[in-house]
1. Report, in debye and to the nearest 20, how large the dipole of segment 345-462 comes out about its Cα centre when Lys and Arg carry +1 and Asp and Glu carry -1 on their Cβ.
2. Which trypsin sites (Lys or Arg not before Pro) from segment 1-85 combine a DSSP loop assignment with at most 15 other Cβ atoms within 10 Å?
3. Ratio of Rg to Rh for segment 69-109, alpha carbon only, Kirkwood?
4. Summing Lys, Arg as +1 and Asp, Glu as -1, what charge do residues with Cβ under 15 Å from the Cβ of GLU156 carry, GLU156 excluded?
5. Suppose every K and R has +1 on its Cβ and every D and E has -1 on its Cβ; what is the size of the dipole of segment 53-201 about the Cα centre, in Debye to the nearest 20?
6. Test of understanding: what is the full-extension gain from GLN461 to ASP307, defined as 0.36 nm times their sequence separation minus their Cα-Cα distance?
7. Per residue, what accessible area does segment 1-64 have, given a 1.4 Å probe and all protein chains present, in Å²?
8. Taking only DSSP H segments of four or more residues, each worth -39500 (n - 2.57), what value at 222 nm results for the chain once the sum is divided by all its residues, to the nearest 500 deg cm²/dmol?
Amino acid sequence: MRFEEYLSSLKDKTVAVMGIGVSNRPLIELLLSRGVTVTACDKKDRTSLGALAEDLEGRGCRLRLGADYLQGLQEDVIFRTPGMRPDLPEFTAAMERGSTLTSEMEVFFEVCPCPIIAVTGSDGKTTTTTIIAELLRAAGRTVHLGGNIGHPLLAEAGGMRAEDIAVLELSSFQLMTMKRSPHIAVITNLAPNHLDVHKDYGEYISAKENIFTHQLAEDIAIFNADNEVTRSFIGRERGSLRTFSRRETVERGTYLGQDLSVGQAIWVANEQGRRSVLPLADIKLPGVHNVENYMAAIAAVDGLVPDDVMVKFARNFGGVEHRIELVRELDGVRYYNDSIASSPSRTIAGLNSFPEQVILIAGGKDKGISYDSLGPVVNERVKLLILCGATAGVIRASVEGAENYGGLEIVDVEDYHQAVSLARSRAKKGDVVILSPASTSFDRFANFMERGNTFKEIVNQLL
């Protein structure tokens, strides 16, 4: 269905949009601009929304606010925000009455006129998505970046052309109810995550699988051959298969190999043969996990981006904000912001990015996953552990309960000001201080960006 056709189909229907946050406002504004009858629903009250409530009502939007905002849903179409489970009793009751439950991303897949490349995974999906988008742009393509990164794209679909490319990062929440899959689907890796929302790990994996289970014969699925879960997907793809691996040579996809002229490099294997593409020495981003991100990205853009463009890009790309982002160097000490690390596996990847032991600031809100894997790595890679937040206790327990615990110093602090002050007083020239929380931000911050920006602001105030 085309963009205009879909909007026209809504003119005689009522629409409810769940949430009036920044991500849903373009959708609300789009629908209102086309004369659709819209009810915006949000658990915030009118006082919290302030002038926004008056503005929306002034444009003809109905509001359903407060604790009972989900009660009485009877609109023809209900747009679910990604963080809301699709099986909420209120949604189930509405669908039994005839309502259609959908989402901004599901509709975008219906109306997008250009090929879609989408990335999901537990770790690395934002960096991989960004690398794919920027490589395509560097090769001269018009790219629309969105999904769980950037901004919602549905409102822009009407201006997209068939020769453009949409590059999306997709979360498990967005994928739960998807009935379409992208032309190129990438899964970076999978590990337990978001178990505070998903019923169990199996449901989380099932959601991720939706990125490729609806593909067609002409589509491409890209799996991490080194990850136990994603490796198990091999053979279930409906189109062409590409894999990437640091540990073994692959039949089609990307892998690590030796190049006599440049040393270790990322190689590509495809129908035309094998070739060395990107020397590891040319990758500016630190950490072996970023090598994997490049392998996944190159597997996705092989045939779309010239090799020399990939090399030039890798030499200059310094990474995505809040992802092992160098904040500053002061008196020989480097301070890094890795606020995106909301799970133990992400923090482990961050710690393994540095050859030296680091001073680690960690802690935040628990999301129902085990921290057992974190303790041994912290004991090996950290010289001072500073804990702050609701998960301080479980992180401490994972470290002290690990077999390799050797008395690592662990200090609990009240806030980031104390954490940074302590790190500053204890760090010596050549040390690395990194914020890598291994937890979500929701105990004290609205999101990981606010958390990272707070940390950066404190670090940049150091004298």
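1. Here the size comes out at about 340 debye.
2. Filter output for segment 1-85: ARG2, LYS11, LYS13, ARG34, LYS43, ARG59.
3. Value, to two decimals: 0.94.
4. Every neighbour counted, the sum reads -1.
5. It works out to roughly 340 debye.
6. Contour length minus the Cα-Cα distance gives 51.3 nm.
7. Result: 53 Å² per residue.
8. Roughly -9000 deg cm²/dmol at 222 nm, from the helical runs in the chain.
The values are calculated or read from the model by the stated rules, or taken from the named source; none is laboratory data. Everything quoted here is computed from the prediction, not taken from an experiment. No Cβ is skipped: glycine too gets one built from the backbone with ideal geometry, and neighbour counts run over all protein chains shown. Note: accessible area is taken over every heavy atom of the protein model, side chains too, but ligands, DNA and RNA are not part of it. Shrake-Rupley method; radii C 1.70, N 1.55, O 1.52, S 1.80 Å.
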